[in-house]
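The values are calculated or read from the model by the stated rules, or taken from the named source; none is laboratory data. Because the structure is a prediction, the values reported are computed rather than measured. Glycine gets a Cβ as well: all are built from the backbone with ideal geometry, and neighbour counts include every protein chain shown. Keep in mind that these areas ignore ligands, DNA and RNA; they rest on the heavy atoms of the full protein, side chains included. Shrake-Rupley method; radii C 1.70, N 1.55, O 1.52, S 1.80 Å.
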Amino acid sequence: MSGADDVEVVSTGLREARAAGWDDYVSRHPDGTGYHHLAWLESIASAYGHRPWCLVALSPGGNLSGVMPICEFRVPLLGARWVSLPYCDLGGPLASSQTAETALRERARELTQQRGGKGLQLRLPGPAVEGPEEETLAKVSMLCDLPETSDALFSSYKPKLRSQIRKAEKNGLRAEVQSGPEAVRQFYRVFAINMHRLGSPVHSLRWFLDLQVAFGDRMKVGLVFLDDTVVGAGVVLVNGARASIPWASTLAEYNRLAPNMLLYWALLAEVTDTGCRVFDFGRSTPGEGTYRFKKQWGARPHELRWLDMTPDGRPIPGPASSGQSGRLRAMIESLWQRMPLSVANVLGPPVRKYISL
């Protein structure tokens, strides 16, 4: 238990946090995301075994005044790092006051010390950036405001973007937005192939199925078909009026048909017409291809404030990039790409479990 001024912070389990009104608080908070929902922590625990912690800030009257999801991320031989949150771009405390936020951070620091963690990482949102300031950032979060209807959204696009969406339909593609385990399995087939092509270990199918169970209808799966073949797929998580897309993939041999354009449009139209007013396109590097792709949909860059701290709260400088580390990563990716897909799909999840990004 920890407190700051009149705010008390308690560490609870998932069940107790849900009973305290955690998810409702997250849904109403302006910075709340689908990742802050208990479903994300719950799925991390069930699929990968990392221990979740729910920090709850209470006002003197016992009212909920802040929450902070955090994961005890233990890696064999390397010990524990505490992350809020792993496997996504954003986490950290959500609070109704600066006092509550400070108390939540202090309790997280205490846990890191008490349980022998090597450090604490908070993945925090930042303000909108543009111009010279944007160019100094390694990564940004791309956010887009949504109107009240998908018709208004489509009308807001430039003619080139509208024609690219129509081109995909003229090429014989069709899109559906579904939910449920079968949609997840169809998504996963495309996702696993794409991760192998990129030379990256893939998440386990169980991770996605556990997410679907935990999120229910708040997890939407976009599927793009050519006849009966799924050639593009993506996952969106909905939190109140905000939707986030952590994963989207297409099959490279069908990219000439523009499945990615139809996939994003189908998901954007769905969440707009069901009440979302912000769409989080996820993390990008300013100036690169994915950044330009997201910007054409109306997304604006926002700073990502990732803070690494020692157990006693001192900041840890970010690792300096080097040509040597870049070459090592390229070599590992190349080796993974050469591995048979069936082998990569077996070896990928046990490796991916310990990669927090």
Revision key, fill the gap. Using alpha carbon centers only, the stretch 25-76 is separated from the stretch 194-217 by a whole-angstrom value of 20
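Evaluate the relative contact order of the stretch 67-109 (contact order divided by residue number), counting alpha-carbon pairs under 8 angstrom at least 6 apart; express in whole percent. Write out the running numbers ahead of the final one.
Working: 46 pairs, mean separation 15.4, N = 43.
Once normalised by length, the contact order is 36 percent.
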Review point. If Ser155, Ser27 are ordered by their accessible area, calculated over protein heavy atoms with a 1.4 Å probe, which sequence runs from highest to lowest?
Key: Ser155, Ser27
Review point. By average Cβ neighbour count within 10 Å, what is the ranking of 351-357, 303-309 from highest down?
Key: 303-309, 351-357
Point to revise | Estimated [θ] at 222 nm from DSSP helical runs (n ≥ 4, -39500 (n - 2.57)) normalised by residues in the chain, nearest 500 | key: -12000 deg cm²/dmol
Practice item. Would you mind telling me which residue in Glu101, Glu110, Glu182 has the biggest mean-square fluctuation in a Gaussian network model of the chain, where springs connect alpha carbons within a distance under 10 angstrom? Key: Glu182
Revision key, fill the gap. Computed ³J(HN,Hα) along the stretch 297-304: with the Karplus parameters 6.51/-1.76/1.60, θ = phi - 60°, integer Hz and x for glycine or proline, the list is 8, x, 6, 10, x, 10, 5, 10
**Study point:** Stretch gain in nm, segment Ala138-Met339, where the contour uses 0.36 nm per residue and the Cα spacing is subtracted
**Key:** 69.3 nm
Check your understanding: Gain in length, Ala152 to Ser356, computed as 0.36 nm per residue apart minus the alpha-carbon separation, to one decimal in nm?
Key -> 69.7 nm
Check your understanding: Once both axes come from the Cα atoms, what is the angle between helix 98-114 and the longest principal axis of the chain, in degrees from 0 to 90, rounded to 10?
Key -> 80
Check your understanding: With each pseudo-label sitting 7 Å past Cα toward Cβ, what's the Asp273-Gln296 distance in nm, one decimal?
Key -> 2.4
Practice item. Please work out the C-alpha center-to-center distance from the stretch 77-99 to the stretch 266-322 and express it in whole Å. Key: 16
Revision key, fill the gap. For Ser46 the rounded accessible area (nearest 10 Å², probe 1.4 Å, non-protein molecules ignored) is 50
Review point. Taking amide hydrogens as modeled 1.01 Å from N in the peptide plane, which residues meet the under 5 Å criterion relative to Ser65, leaving out close sequence neighbours?
Key: Ala57, Leu58, Ser59
Study note, to complete from the structure: With the dipole of the stretch 188-347 defined by +1 on each Lys or Arg Cβ and -1 on each Asp or Glu Cβ, the option from Ala266, Leu347, Gln337 whose Cα lies farthest towards the positive pole is Gln337
Practice item. With springs only between Cα atoms under 10 Å apart, run a GNM on the chain and tell me which of Gln113, Gln121, Gln98 wobbles the most. Key: Gln98
Point to revise | Convex hull volume per residue for the chain, taking Cα atoms only, in Å³ | key: 146
Review point. Given springs between every Cα pair under 10 Å in a Gaussian network model of the chain, which of Asp31, Asp227, Asp210 has the largest fluctuation?
Key: Asp227
